[in-house]
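What follows is a set of notes on a single structure, which appears directly below.
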Amino acid sequence: MHADMKTRKNIEKITWIGLLANVALAVIKLVIGWIGNSQAVVADALHSFSDTASDLVILFGVRYWTAPPDDCHPFGHQKIESFVTIVMGMILLGVAAGIGYNAVVCLMQPSHPQLSAVVLAAPLLSLVVKEILYRITFAAGVANRSSSLKANAWHHRTDALSSIPVLVAVTAGLISPKLAFLDPVAAILVSVFIIKVGIDILGDSLAELTDKGMSRKDRANIQTLIQGIAHVQGAHRIRSRKIGGAFYLDLHLEVDGRMSVRQGHDIAETVKQTLMVRYPKIIDVMVHLEPSKEKPGIKPG
């Protein structure tokens with residue numbers, strides 16, 4: 001099976017698992033929140049529904065960004081994944097705004113409905129299910145170098161973590177009716193947490209779309225690594241661009257100008273393979289050979 005097709009199948013499989021789990025969990029939490037009169041649990045259910053939306057976005061987009069390179073897109077279609085991830089971040093921010101608004105309105109009301117003990121089941125179930133989904137989805141994101149899967153994993157993690165203040169709030173409200181105001185307060189905390197994650201996701205994807213390269217530290221380490229390779233007399237103009245969780249690299253390599261084309265090519269290939277082995281996220285290296293400005297002489301191998 002072609003690598004891109006295998007990646008697509010892996011992403012679709014893990015996303016379908018998350019989608020079905022999200023639908024079931026969201027419905028259960030919504031029913032429990034409605035029966036138990038809990039604004040926070042209802043907000044948590046809406047958060048789970050937002051995960052469902054992101055699952056659908058991934059299932060729609062994955063068949064496009066995993067398409068192999070073609071004449072019009074020689075570097076592939078991976079940046080479509082960045083657009084998909086931005087859509088997911090926007091979904092998160094929209095859901096967070098809605099949750100926060102409803103919670104503020106509820107908090108301003110003079111009285112709050114009496115909570116039912118059944119509401120405890122919702123955040124407890126959410127904590128377990130969503131943490132499991134986070135772990136398997138993030139692992140799949142790492143294995144397939146998928147930023148959208150990692151973002152979706154954080155959708156699951158935010159749902160799990162947002163259940164903690166919900167659990168505390170509903171427990172307090174059940175212990176004492178005077179503490180019922182903590183229920184909408186918990187919903188507000190959930191919305192703030194979701195906003196933070198949404199902004200982080202948007203920032204990462206926008207950095208990729210604007211061709212943000214490797215860090216200065218990574219570039220320095222790469223230069224040191226190249227300088228240690230036999231017959232290399234210098235390296236400069238090391239540039240990188242991130243596409244779909246991987247990096248393309250190009251650099252200028254200085255070698256003895258008296259070398260044959262074949263010798264220079266072999267050194268360039270050694271540099272390329274060394275970098276790709278040391279840094280698995282580098283999937284291609286373009287090397288431009290230059291005669292060294294130093295006194296001719298070949299470093300001992």
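The values are calculated or read from the model by the stated rules, or taken from the named source; none is laboratory data. Here the structure is a predicted model, which is why all the values come from computation and not from measurement. FYI the Cβ positions are ideal-geometry reconstructions off the backbone, even for glycines, and counts take in every protein chain you see.
At a glance:
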quantity	calculated
Filter result (buried (at least 21 other Cβ atoms within 10 Å of the Cβ), out of contact with any Pro (no Cβ under 8 Å at 6 or more places or on another chain) and either without any contact (Cβ under 8 Å) to a residue 60 or more places away in the chain or among the small types (Gly, Ala, Ser) (or both)) within the stretch 166-189	ALA169, GLY173, LEU182, ALA187
Qualifying positions in the stretch 190-200 - surrounded by fewer than 24 Cβ atoms within 10 Å (Cβ to Cβ) and at pLDDT below 80	PHE193, VAL197
Number of the condition not met by ASP250 [criteria: (1) within 24 Å of VAL105 (Cα to Cα); (2) of a type in the set (Asp, Glu); (3) modelled with pLDDT of 85 or more]	(1)
Per-region count, the stretch 273-294, residues part of a helix (DSSP H, G or I) and of a type in the set (S, T, N, Q)	2
Unique match (being surrounded by fewer than 24 Cβ atoms within 10 Å (Cβ to Cβ), assigned by TED's automatic domain parsing to the domain that holds ALA169 and either under 17 Å from LEU120 (Cα atoms) or touching a strand residue (DSSP E or B) at 6+ places or on another chain (Cβ under 8 Å) (or both)) among VAL41, VAL57, VAL31, VAL23	VAL31
Scan of the stretch 52-85 for residues that are among the acidic types (Asp, Glu) and under 16 Å from the mean Cα position of the chain (by Cα), ordered by number	ASP55, GLU81
Selection from the stretch 188-214 of residues that are farther than 17 Å from ALA153 by Cα and not aliphatic (A, V, I, L, M)	SER191, GLU208, THR210, ASP211, LYS212, GLY213
Answer from ALA117, ALA121 - the residue that is modelled with pLDDT of 80 or more and either on the phi < 0 side of the Ramachandran plot or in the same structural domain as ALA246 (by TED's automatic domain parsing) (or both)	ALA121
Members of the stretch 242-272 that are β-branched (Val, Ile, Thr) and either outside any helix (DSSP H, G or I) or exposed (fewer than 14 other Cβ atoms within 10 Å of the Cβ) (or both)	ILE243, VAL255, VAL261
